[in-house]
1. With a 1.4 Å probe and all protein chains in place, put 81, 17 in order of accessible area, largest first.
2. When all protein chains stay in place, what accessible area (Å², nearest 10, 1.4 Å probe) is found for residue 44?
3. So what is the relative contact order of the chain, in percent, for Cα pairs below 8 Å that sit 6 or more residues apart?
4. Return a single number: how many Lys pairs in the chain, at a sequence separation of 8 or more or on separate chains, have alpha-carbon atoms below 22 angstrom apart.
5. Nothing charged except the Cβ atoms of Lys and Arg (+1) and of Asp and Glu (-1): what's the magnitude of the dipole of the chain about its Cα centre? Round to the nearest 20 debye.
6. Could you work out the longest stretch of the chain that avoids the chymotrypsin sites (Phe, Trp or Tyr not before Pro) located in DSSP loops with at most 11 other Cβ atoms within 10 Å?
7. Given the rule -39500 (n - 2.57) for each run of at least 4 DSSP H residues, summed and divided by the residues of the chain, what is its mean residue ellipticity at 222 nm, to the nearest 500 deg cm²/dmol?
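The values are calculated or read from the model by the stated rules, or taken from the named source; none is laboratory data. Just so we're clear, the structure is a prediction, and the values are computed from it rather than from any experiment. With ideal geometry, Cβ positions are generated from the backbone for all residues, glycine too; neighbour counts draw on all protein chains shown. Heavy atoms of the whole protein, side chains included, go into the accessibility calculation; ligands, DNA and RNA do not. Shrake-Rupley method; radii C 1.70, N 1.55, O 1.52, S 1.80 Å.
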Amino acid sequence: MPLQPGTLRVRLEFAKDIKDCDFFGRQDPYVRLRVGDQLRRSKVCKNGGTRPVWDETFEFVILHENTVDMELMDADKASRDDVIGRCAVSISKAREHGRDSVHAPVISGK
């Protein structure tokens, strides 16, 4: 049976013990989320260091997509933003049961 289209709400809560990309001070992490060709971006967690907290919710329209791809970034003013790491979350359980809660391991960006 094919899965029905709908709206996916993704709640981005926090990250812990992520890689620190800054030599001086504390890093300013944010997350870029992608479902298919839809992109969203979290707010920057100023001085979030290795344990940033966002507590944000994003909505995506899903048709056939089954993955939320996330890229953790460190916002830098003087240079390009650094990739902290990446992760992907399957949304098949959420589509099947109506909801799911996942702790996604982050793979280092370097």
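1. So the residues, ranked largest to smallest area, are 17, 81.
2. About 50 Å², ignoring ligands and nucleic acids.
3. Once divided by the residue count of the chain, the mean separation gives 27 percent.
4. Lysine pairs satisfying the spacing and distance rule in the chain number 11.
5. Details: 19 positive and 18 negative charges, 19 e Å.
Dipole of the chain, to the nearest 20 debye: 100 debye.
6. On the way: sites that count: 23, 24.
After excluding every exposed loop site, the longest remaining stretch is 25-110.
7. Helices in the chain give a 222 nm mean residue ellipticity of -1000 deg cm²/dmol.
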